[in-house]
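Notes follow once the structure below has been shown.
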Amino acid sequence: MKTLLIVFGLVGIHCLIFAQTDIIKQLPIIDMHMHAYPLDYNGEPDIANPVTGKPSGAQSDEELMQASFMEMRRYNIVKAVISGPLEVLFRWKSAEPNIIIGGVYFDEVTSLPDVEQLRQQFMTGRLGVLGELVAQHAGLSPNDSLFDPYLTLAEELDIPVGVHTGLGHEGLTYTCCPKFRVSYGNPVLLEEVLVKHPKLRIYLMHGGWPYLEETIAIMSVYPQVYADLAVINWIIPREEFHEYLHGLIRAGFGKRLMFGSDQMVWPEAIGMAIEGIESATFLSKEQKRDIFYNNAVRFLRLKEIGE
Ligand SMILES: [Zn+2]
């Protein structure tokens with residue numbers, strides 16, 4: 001009970017912040033970037049949210065899942081691309097089958113499943129996105145040959161692909177991820193993938209930050225490339241996020257940017273991420289709706305989902 005009170009307490013704080021901008025609250029949102037992680041995926045349970053300094057307070061995988069669902073309901077998230085270790089993801093997916101689009105996860109800890117097994121999962125709809133592919137943390141370029149059979153499959157079945165780009169947390173090369181390299185986060189590395197697989201529907205996760213020029217370069221030449229704004233909309237300094245987002249908008253990509261939270265083990269991150277977009281005064285209401293919903297509907301080829 002104490003745990004739940006802490007979770008509810010955090011949620012309450014964000015709800016108060018959000019109440020000042022309640023237009024979006026009633027409208028549907030699509031989250032293109034969430035995770036179903038076990039509580040201790042980052043090595044130990046109860047890791048503090050790097051922005052608030054507080055852990056989620058969830059004491060079990062089940063509590064973390066339920067707290068995440070509660071935040072999704074609060075902000076009217078009607079669809080979410082969620083990836084993580086498959087056994088955890090499938091638990092989440094069976095609890096909310098109509099909202100969750102299952103994503104195939106890859107990073108320095110979780111390897112990719114067998115290609116033929118994956119084909120079955122895509123064809124039955126149990127999984128619907130190839131990603132998040134976090135090649136960077138595993139010391140791989142996103143154009144590494146390891147991914148090619150998977151990208152070929154995604155292209156054949158018309159499955160969207162989400163590729164981690166840009167950033168890693170401070171000091172990670174010396175802790176979790178000795179193979180991580182900043183340079184592997186450069187979105188330009190996807191060019192050979194785009195040339196070889198011209199029909200792929202790819203989105204740059206984290207919007208390529210901090211590679212603004214390279215992100216613009218790729219998106220301007222390859223119109224099929226979209227980007228999500230996950231994690232940078234709440235974890236980096238707000239002014240820097242808004243400058244970056246403004247740069248992408250100025251470059252003409254307002255119809256290809258999509259909301260994502262990158263909720264990992266902190267359910268309150270969903271509200272923080274929404275607030276990061278909502279507080280961008282240079283965005284019109286229409287541009288915000290595009291980011292929160294319309295662009296993802298087009299990218300995922302969904303029918304409109306009820307308000
Ligand atoms: Zn990522």
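The values are calculated or read from the model by the stated rules, or taken from the named source; none is laboratory data. Worth saying up front: this structure is predicted, and the values here are computed from it rather than measured. Cβ coordinates were reconstructed from backbone atoms using ideal geometry, including for glycine residues, and neighbour counts include every protein chain displayed. Ligands, DNA and RNA are excluded from the accessible area calculation, which covers all protein heavy atoms including side chains. Shrake-Rupley method; radii C 1.70, N 1.55, O 1.52, S 1.80 Å.
Got at least one residue in the stretch 191-211 being aromatic (F, W, Y) and within 13 Å of the ligand (Cβ to nearest atom)? First the steps, then the outcome.
Keep residues of the stretch 191-211 that are aromatic (F, W, Y), which gives 203, 209, 211.
Going one step further and asking which of them are within 13 Å of the ligand (Cβ to nearest atom), we end up with 203, 209.
Yes; the residues of the stretch 191-211 include at least one that is aromatic (F, W, Y) and within 13 Å of the ligand (Cβ to nearest atom).
Looking at the stretch 163-178, can you tell me whether even one residue there is within 23 Å of V115 (Cβ to Cβ) and either out of contact with any Lys or Arg (no Cβ under 7 Å at 6 or more places or on another chain) or outside any loop (DSSP other than H, G, I, E, B) (or both)?
Initially, the stretch 163-178 is screened for residues within 23 Å of V115 (Cβ to Cβ), giving 163-164.
Checking which are either out of contact with any Lys or Arg (no Cβ under 7 Å at 6 or more places or on another chain) or outside any loop (DSSP other than H, G, I, E, B) (or both) leaves us with 163-164.
Taking every residue of the stretch 163-178 in turn, at least one turns out to be within 23 Å of V115 (Cβ to Cβ) and either out of contact with any Lys or Arg (no Cβ under 7 Å at 6 or more places or on another chain) or outside any loop (DSSP other than H, G, I, E, B) (or both).
Restricting attention to the stretch 57-78, which residues are under 19 Å from the mean Cα position of the chain (by Cα) and assigned to a loop (DSSP other than H, G, I, E, B)?
Within the stretch 57-78, Y75, N76 qualify.
Only one of (1) closer than 20 Å to M72 by Cβ; (2) open to solvent by 10 Å² or more (accessible area, probe 1.4 Å); (3) within 16 Å of the ligand (Cβ to nearest atom) is not met by G103, so which one is it?
G103 satisfies every listed condition except (2).
I'd like the full set of residues that are of a type in the set (A, V, I, L, M, F, W, C), over 14 Å from P160 (Cβ atoms) and buried (at least 23 other Cβ atoms within 10 Å of the Cβ), limited to the stretch 119-136. Walk me through how you get there before you give the answer.
If we filter the stretch 119-136 for residues that are of a type in the set (A, V, I, L, M, F, W, C), which is where we start, we get 122-123, 127, 129-130, 133-135.
With the extra rule that they be over 14 Å from P160 (Cβ atoms), the set shrinks to 123, 134-135.
The answer is V134, A135.
So I216 fits all but one of (1) surrounded by fewer than 23 Cβ atoms within 10 Å (Cβ to Cβ); (2) modelled with pLDDT of 95 or more; (3) within 15 Å of the ligand (Cβ to nearest atom); what number is the exception?
Among (1) surrounded by fewer than 23 Cβ atoms within 10 Å (Cβ to Cβ); (2) modelled with pLDDT of 95 or more; (3) within 15 Å of the ligand (Cβ to nearest atom), I216 violates only (3).
Residues are listed down the side, and each one gets a yes or a no for (1) under 26 Å from G43 (Cα atoms); (2) in a loop (DSSP other than H, G, I, E, B); (3) touching a residue at least 60 places away in the same chain (Cβ under 8 Å):
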{"residue": "S111", "(1), (2), (3)": "yes, yes, no"}
{"residue": "E116", "(1), (2), (3)": "no, no, no"}
{"residue": "Q121", "(1), (2), (3)": "no, no, no"}
{"residue": "H137", "(1), (2), (3)": "yes, no, no"}
{"residue": "L140", "(1), (2), (3)": "yes, yes, no"}
{"residue": "L151", "(1), (2), (3)": "no, no, no"}
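Scanning for something farther than 18 Å from Y37 by Cα, open to solvent by less than 40 Å² (accessible area, probe 1.4 Å) and either within 16 Å of the ligand (Cβ to nearest atom) or over 16 Å from the mean Cα position of the chain (by Cα) (or both), does the stretch 107-118 turn up at least one residue? Steps first, please.
First pass over the stretch 107-118, keeping only residues farther than 18 Å from Y37 by Cα: 114-118.
Filter once more, so that each one left must be open to solvent by less than 40 Å² (accessible area, probe 1.4 Å): 115, 118.
Narrowing further to those that are either within 16 Å of the ligand (Cβ to nearest atom) or over 16 Å from the mean Cα position of the chain (by Cα) (or both): 115, 118.
So far as the stretch 107-118 goes, yes, one or more of its residues are farther than 18 Å from Y37 by Cα, open to solvent by less than 40 Å² (accessible area, probe 1.4 Å) and either within 16 Å of the ligand (Cβ to nearest atom) or over 16 Å from the mean Cα position of the chain (by Cα) (or both).
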